[in-house]
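Structure first, then comments.
The values are calculated or read from the model by the stated rules, or taken from the named source; none is laboratory data. The structure presented is a predicted model; accordingly, all values stated were derived computationally and were not measured. When we count neighbours, we look across all protein chains shown, and the Cβ atoms used for this are built from the backbone with ideal geometry, even at glycine.
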Amino acid sequence: SQQGEEDPQALSIQEGENATMNCSYKTSINNLQWYRQNSGRGLVHLILIRSNEREKHSGRLRVTLDTSKKSSSLLITASRAADTASYFCATVITGGGNKLTFGTGTQLKVEL
Amino acid sequence: DAGVTQSPTHLIKTRGQQVTLRCSPKSGHDTVSWYQQALGQGPQFIFQYYEEEERQRGNFPDRFSGHQFPNYSSELNVNALLLGDSALYLCASSRDRANTEAFFGQGTRLTVV
């Protein structure tokens, strides 16, 4: 079963705008990771944030983690058409080994 | 440096048949995990192999089995295929069993007719 949900399910923005996606999960985690998937192919790792971290940056990406609310957000700044993809959060659950438990994904469309 | 490679990329099988999917992990990685992704859903964990043994298993029936070879490559076998097994099968490798990032292959699209 899915660990949690992502919100919104779909997001359409104009190039240059910022895109924010949210992820909620259910159980205690070791870390949370964000992945991008283009056209139903392989997933590309974007960023990993550990349970003792609150914010992390990588290029145009900013991820926050609130373990008290069991939620995370991914912000993509100055979006480009090439950012069009599905974005998934995945958690590594405490005591669950290192398997990834994925959310339901957000479909992002960036229009010119 | 080759990433994770999977073969074949597409496959069509008939109900009741058996299928074998293959995965070569990224260089330097020794842990391989398999995921099933149905259309419109997030990937679901099938199992993980490390040191040629299944270490973790998700909620999948025994029809799903696997193997890891001494060179760390892996196979996923599915017996008695059902229509519901149609999905994208993803292989992911990581450099150890610690909580590090996983690198995914491009997947095998399996269609059961």
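Taking the criterion of being part of a strand (DSSP E or B), over 17 Å from B:LEU110 (Cβ atoms) and touching a residue at least 24 places away in the same chain (Cβ under 8 Å), the residues of the stretch B:49-85 that qualify are B:TYR49, B:TYR50, B:ARG55, B:GLN68. Could you please give the count of residues in the stretch A:58-112 that are assigned to a loop (DSSP other than H, G, I, E, B) and more than 14 Å from chain B (Cβ to nearest Cβ)? Of the residues in that region, 12 qualify.
If you filter the stretch B:80-106 down to residues that are under 14 Å from B:TYR49 (Cα atoms) and more than 10 Å from every other protein chain (Cβ to nearest Cβ), you find that the one that is farthest from the chain's Cα centre (by Cα) is B:ARG95. Each residue in the stretch B:86-113 was checked for being touching a residue at least 60 places away in the same chain (Cβ under 8 Å) and either among the basic types (Lys, Arg) or out of contact with any Phe, Trp or Tyr (no Cβ under 8 Å at 6 or more places or on another chain) (or both), and 11 of them qualify. Across the stretch A:1-44, the number of residues qualifying as closer than 10 Å to A:CYS89 by Cα, assigned to a strand (DSSP E or B) and not aliphatic (A, V, I, L, M) comes to 9.
Restricting attention to the stretch B:39-79, the residues being surrounded by fewer than 14 Cβ atoms within 10 Å (Cβ to Cβ) and within 11 Å of chain A (Cβ to nearest Cβ) number 3. Does B:ARG109 meet the test of being within 9 Å of chain A (Cβ to nearest Cβ), at pLDDT 95 or above and either under 13 Å from the mean Cα position of the chain (by Cα) or on the phi < 0 side of the Ramachandran plot (or both)? Answer is yes for this residue.
Among the residues of the stretch A:75-89, those that are farther than 19 Å from A:GLY42 by Cβ and polar (S, T, N, Q) comprise A:THR77, A:SER79.
The single residue among A:ASN52, A:ASN18, A:ASN31 that is free of Cβ contacts under 8 Å to residues at least 12 places away in the same chain and over 17 Å from A:SER86 (Cβ atoms) turns out to be A:ASN52.
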